[in-house]
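Reading through the structure tokens given below for one structure.
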Amino acid sequence: AAEPTVTRDIRNGKINYYRHFYGTEAVDWMLANRIAKDRRQAVAYGRAAIRAAEIVHCTRGHDFKDEELLYRFVSEREKRLINPETPLDYVQLLLVNPPIIFSVIAVVLFILNIPYLLPQQ
């Protein structure tokens, strides 16, 4: 899906937000492009986009709102981590998820040390 022209780089204090947009601007864009008939319907479409993991709030702290809140489109890489499809996606999911990796390492170390943990006869 093509990103609307509403995305841009935004500086908020000392933080740069790359390719983000404000909720109010997205609502305005949907109205201007006749995607939604009113602001309420545009907010509903924005919330549906969040549920479908197409967009996300910059800190993941808000649902979609017609307010000056920052959102961005979810990258293809992030989508593959949310819903892995290929073996490589599953490997990347393991590598970016430390609790899983540490658990696998702990289990492997335990299995390798079983002979030393059991009493010798």
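The values are calculated or read from the model by the stated rules, or taken from the named source; none is laboratory data. The shown structure was predicted, so the numbers you read here are calculated from the model rather than taken from an experiment. Please note: Cβ atoms are built from the backbone with ideal geometry, for glycine as well, and neighbour counts cover all protein chains shown. To get the accessible areas, we keep the full protein, side chains included, count just its heavy atoms, and leave off ligands, DNA and RNA. Shrake-Rupley method; radii C 1.70, N 1.55, O 1.52, S 1.80 Å.
With a 1.4 Å probe and all protein chains kept in place, how much accessible area does Leu117 have, in Å² rounded to the nearest 10?
110 Å²
Pop a pseudo-label 7 angstrom from the Cα along the beta-carbon direction at both Ala53 and Val108 and give the gap in nm to one decimal.
Each label point lies 7 Å from its Cα, and together they span 2.6 nm.
Hey, with R₀ at 30 Å, roughly what FRET efficiency would Arg80 and Arg11 work out to, going by the Cβ-Cβ distance, to 0.05? Can you show the working numbers first?
Numbers: r = 29 Å, r/R0 = 0.98.
That pair, Arg80 with Arg11, gives E of 0.55.
List the relative contact order of the chain as a percent without decimals, with contacts defined as Cα pairs under 8 Å and 6+ residues apart. Mind showing how you got there, number by number?
Numbers: 110 pairs, mean separation 22.4, N = 121.
The normalised contact order for the chain reaches 19 percent.
Could you sort the peptides 14-20, 107-113 by per-residue average Cβ neighbour count (10 Å cutoff), highest mean leading? Show your work: numbers first, answer last.
On the way: 14-20: 11.7, 107-113: 9.6.
The peptides rank, most packed first, as 14-20, 107-113.
For Ile50, Ile114, Ile82, Ile105, give me the order by solvent-accessible area with a 1.4 Å probe, most accessible first, ignoring ligands, DNA and RNA. Let's see the in-between values first.
On the way: Ile50 40, Ile114 60, Ile82 115, Ile105 85 Å².
Accessible-area ranking of Ile50, Ile114, Ile82, Ile105, largest first: Ile82, Ile105, Ile114, Ile50.
What percentage of the solvent-accessible surface of the chain, computed with a 1.4 Å probe over protein heavy atoms, is contributed by carbon and sulfur atoms? Mind dumping the intermediate values first?
Values: 5270 of 8950 Å².
C and S fraction of accessible area: 59 percent.
Among Asn83, Ile35, Ser103, pick out the residue whose Cα is farthest towards the positive end of the charge dipole of the chain, where Lys and Arg carry +1 and Asp and Glu carry -1 on C-beta, about the Cα centre.
Ile35
Taking a probe of 1.4 angstrom, what is the accessible area of Arg72 in Å², to the nearest 10?
50 Å²
Under 24 Å from the Cα of Lys79, which lysines turn up, not counting those fewer than eight places away in the same chain?
Lys65
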